[in-house]
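Peer 1: Please see the structure below; I have some questions.
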Amino acid sequence: MRRRLQAVIVAAALRLVHAALVALQRLDPEVAGELRRMPVGMTYAIHTGHNAPSLFVEWDGQRLLRIPHPEQAALCTLRLKALAISFRLFTGQMGLAHAYAQHAFTLSGEIADVMRLARLVNRAEAYLFPPILSRRILPELPELPVSRLRVYARTLIGFLQSSC
Amino acid sequence: MKPAYFEFQNAVKLLCGQNALERIPDELRHLEAERPLLLTDAVLLRLGMVAMVQDTMRAEGCAPAATFSDIPVDSSLSVVNRIAAVYRESGCDSMVAVGGGSVIDSAKGARLVLSHDTDDILAISGIENLRCGRHIPFIVVPTTAGTGSECTGVAVIRNEEQGIKMEFLSPFVEPDVAVLDARMTLRLPARATAATGADALCHAIEAATCLQSNPLSSAYCHAAIQLISANIIRAVQHGSDADARLNMALAATMAGIAFSNSMVGAVHAIGHALGGVCHVPHGEAMGILMPHVLRYNLPAAAESYARLLPEMVGWEKAAATPAQMRGEALVQAVTDLLGQLHASAGIPLRLSEAGVAEQQLARVAETAVNDGALIVNPRAMSVQQVLDLLRGAL
């Protein structure tokens, strides 16, 4: 039961992070720049455990698309070692840097691509989590050029649209 | 402080001290190997260092089946793939790598290619994603005291096409046996001794202070820093001092074990980029960058730097330093030591002395922020922050 609840929360969190990045592409120049530098056709897969939710995204040069299942293996695949760890990661109990330090995931692909993803996720988390939480999980709290409320609103709209 | 979770692994058997080289054939027999491929570089071949290893192996009945010496200073993906091809063509069943970081890391890369039955190392790049694969007996004889690669689960290999240094991380990269014999470093020139020693010092400091630091790796760091601060100047100024040489080799190995289990940080991230883009020798890049990065990290790492001060300057001096000044004092002690190495051996202290031009800095900064070592640095670093730091070091 507990595992099932964790899976539901992690699945929602994955979609929320994606929706936040899509929103931030329009709102935050740092995120927009990071995405612009991403090679067209770049694909990421994030697996959160055995029989647990996954997220597949592709950068088509304009948008970060959530795709149901990639035709080929993603260029960068992050495999978290257990759902319990993914739950901690996606509920603000552990940052990506600490996940790396704690050997929480394996990576197939180039490390440079994970660094890019880490910067994007850190940025999204800095907006999504309250500062008291962000300070604990991020190496440093960045200056945010947009109000959190605007980001929440846009993210929520994107999240709900993707659920329909 | 104990992290919420950590891992530690080191399965390398260490042969250290007198006649260590002569024990290689016996180790190969225990590993059920008869036809080793000897890997080295042209300089070591010319200096007769390789002949020393070949002769001892032959004398004890385990001559190399083939020798590959075409490994450049900065190894590359294509060299790795070529070594694997030579191994297959020569019917080898094991590897003995004699050299510095480039030779050892090339050998590690080739071993990965062979044990995973592929032709291209890029096909298996990643972090901790590899299965163990087929076991290929692997012995390493370091000829510098710096990289610690003889005991690490990391291989750093240059991607010529992209102009970056790639890291391959897996516990299955670790060699079976590492051989520390003072005879192998006695002829290392003063400048290379200083630069590789700076690399070892940097491994120990970054491994002890980065986000992945853990109690076991820290213990190795403290011991390594103590040995380095007590021996590096002696090894540089009196190259034939076998005791100082072996102490430096041991320190480098311990620092290697440490960072293999807790990673490094921004000095290495930027240093890899300087190597990939501007071809600055790795150890020299470490020496140039260390004071600047340590100062940048000081606000987040003062406490952990302070804990290292006694190893660096001795307990009496450390105790005489006010507690709140010890982090800063560590940074100053490192800066002073590098100044001494500059005076005795001529290692550069500025990027311009290493031939780096202002117009290369932007590319170095952009490359550095994509290096895996940056993720565990105590402070985050943006492209602009790396660029500012590089300008300060120019």
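The values are calculated or read from the model by the stated rules, or taken from the named source; none is laboratory data. Computed from a predicted structure; not experimentally measured. Here the Cβ is made from the backbone with ideal geometry for all residues, glycine too, and neighbour counts use every protein chain on show. Side chains are part of the model used for accessible areas, which takes the heavy atoms of the whole protein and leaves out ligands, DNA and RNA. Shrake-Rupley method; radii C 1.70, N 1.55, O 1.52, S 1.80 Å.
Peer 1: Spin-label point model (7 Å from Cα, Cβ direction): what's the A:Ala153 to A:Leu65 distance in nm?
Peer 2: With each label point 7 Å from Cα toward Cβ, the separation is 2.9 nm.
Peer 1: Can I ask one more? Under 25 Å Cα-Cα from B:Lys108, which lysines qualify once same-chain neighbours fewer than 8 residues away are excluded?
Peer 2: B:Lys13, B:Lys165
Peer 1: About the Cα centre of chain A, what is the dipole size in debye to 20, counting +1 per Lys and Arg Cβ and -1 per Asp and Glu Cβ, all else neutral?
Peer 2: Details: 20 positive and 11 negative charges, 115 e Å.
For chain A, the charge dipole is close to 560 debye.
Peer 1: Now for a separate question. Quick one: buried accessible area between A and B, total over both chains, 1.4 angstrom probe, nearest 100 Å²? Show your work: numbers first, answer last.
Peer 2: Values: alone 9480 and 15600 Å², together 22770 Å².
The A and B chains share an interface burying roughly 2300 Å².
Peer 1: Starting from a Cα-only point model with no solvent, please compute log10 I(q)/I(0) by Debye for chain B at q = 0.07, 0.10, 0.11 1/Å.
Peer 2: Summing over Cα pairs of chain B leads to -0.29, -0.60, -0.73.
Peer 1: Oh, and also: When you have a sec, figure out the Kirkwood radius of the stretch B:13-184 from all distinct Cα pair distances and drop it here in Å to one decimal?
Peer 2: One over the average 1/r among Cα pairs gives 15.7 Å for the stretch B:13-184.
Peer 1: In the protein assembly as shown, with Lys and Arg counted as +1 and Asp and Glu as -1 at Cβ, which of these residues, B:Cys210, B:Leu390, B:Gln162, has the Cα nearest the positive end of the dipole, that is, farthest along it?
Peer 2: B:Cys210
Peer 1: Could I ask something else about it? Answer with one residue from B:Val103, B:His116, B:Val173: the one whose Cα lies farthest towards the positive end of the charge dipole of the stretch B:13-184, charges on Cβ with Lys, Arg +1 and Asp, Glu -1.
Peer 2: B:Val103
Peer 1: Which aspartates and glutamates, on any chain, are close to B:Lys317 with Cα under 15 Å apart, when same-chain ones fewer than 8 places away are left out?
Peer 2: Here the aspartates and glutamates satisfying the reach criterion relative to B:Lys317 are B:Glu328, B:Asp336.
Peer 1: What FRET efficiency, computed as 1/(1 + (r/R0)^6) with R0 = 60 Å and r the Cβ-Cβ distance, is obtained for B:Ser352 and A:Ala84, rounded to the nearest 0.05?
Peer 2: Rounded to the nearest 0.05, the efficiency is 0.75.
Peer 1: Next question. Based on the Cα gyration tensor of the stretch A:114-164, what are the three equivalent ellipsoid semi-axes, each the root of five times an eigenvalue, rounded to whole Å and given largest first? The partial results should precede the final answer.
Peer 2: On the way: eigenvalues 88, 39, 18 Å².
Listed largest to smallest, the semi-axes of the stretch A:114-164 are 21, 14, 9 Å.
Peer 1: Between B:Arg134 and A:Leu133, how many nm apart are label points set 7 Å from Cα along the C-beta direction?
Peer 2: Once both label points are built, they end up 5.0 nm from each other.
Peer 1: Follow-up question, since we're still on this one. In whole Hz, with x marking every Gly and Pro, tabulate ³J(HN,Hα) for the stretch B:331-348 from phi via Karplus 6.51 cos²θ - 1.76 cosθ + 1.60, θ = phi - 60°.
Peer 2: Here the 3J(HN,Hα) series is 4, 5, 5, 5, 4, 5, 4, 5, x, 5, 5, 4, 5, 7, 10, x, 5, x Hz.
Peer 1: Over all alpha-carbon pairs in the stretch A:2-155, figure out the percentage whose distance exceeds 18 Å. Please report the intermediate quantities before stating the final value.
Peer 2: Working: 6637 of 11781 pairs.
Distances greater than 18 Å cover 56 percent of the Cα pairs.
Peer 1: Each label point is 7 Å from the Cα along the Cα-to-Cβ direction; what then is the distance between the points at B:His30 and B:Gln18, in nm?
Peer 2: 1.9
Peer 1: Using every Cα-Cα pair within the protein assembly as shown, state what percent have a distance larger than 46 Å.
Peer 2: Details: 22202 of 155403 pairs.
Percent of Cα pairs beyond 46 Å in the protein assembly as shown: 14.
Peer 1: What's the FRET efficiency of A:Ile9 with B:His279 using the Cβ-Cβ distance as r and R₀ = 35 Å, to the nearest 0.05? Write down the numbers at each step before the final one.
Peer 2: On the way: r = 49 Å, r/R0 = 1.39.
Given R0 = 35 Å and the Cβ-Cβ separation, E is 0.10.
Peer 1: Please sort A:46-53, B:14-21, B:172-179 by packing, taking for each peptide the average over its residues of neighbouring beta carbons within 10 angstrom, highest first.
Peer 2: On the way: A:46-53: 18.5, B:14-21: 15.8, B:172-179: 22.5.
Listed from highest to lowest mean packing, they are B:172-179, A:46-53, B:14-21.
Peer 1: Work out, in µm²/s and without decimals, the Stokes-Einstein translational diffusion coefficient of the stretch A:1-85 at 10 °C, 1.306 mPa s, Rh from Kirkwood over C-alpha pairs.
Peer 2: On the way: Rh = 13.7 Å.
For these conditions, the coefficient is 116 µm²/s.
Peer 1: Still on this model: List the residues whose amide H sits under 5 Å from the amide H of B:Cys16, counting only those 5 or more places along or on another chain, with H placed 1.01 Å from N in the peptide plane.
Peer 2: Hits under the 5 Å cutoff: B:Leu180.
Peer 1: I would also like to ask the following. Counting only heavy atoms of protein chains, what accessible area per residue, in Å², does chain A have with a probe of 1.4 Å? Before the final figure, lay out the partial values.
Peer 2: Values: 8280 Å² over 164 residues.
Counting only protein heavy atoms, the per-residue value for chain A is 50 Å².
Peer 1: Another question, if that's okay. Taking R0 as 35 Å, what's the FRET efficiency between B:Gln385 and B:Ala42 from their Cβ-Cβ distance, rounded to 0.05?
Peer 2: Here the calculated transfer efficiency is 0.30.
Peer 1: Amide H of B:Asn159 versus every other amide H placed in the peptide plane: which residues, excluding those fewer than 5 positions away on the same chain, fall under 5 Å?
Peer 2: Placed amide hydrogens put B:Ile164, B:Lys165, B:Met166 under 5 Å from B:Asn159.
Peer 1: Something else: Check each residue of the stretch B:128-152 and keep those whose accessible area, probe 1.4 Å, is at least 50 Å² smaller with all protein chains in place than in the chain alone; give them in order of residue number.
Peer 2: Listed in order, they are B:Glu128.
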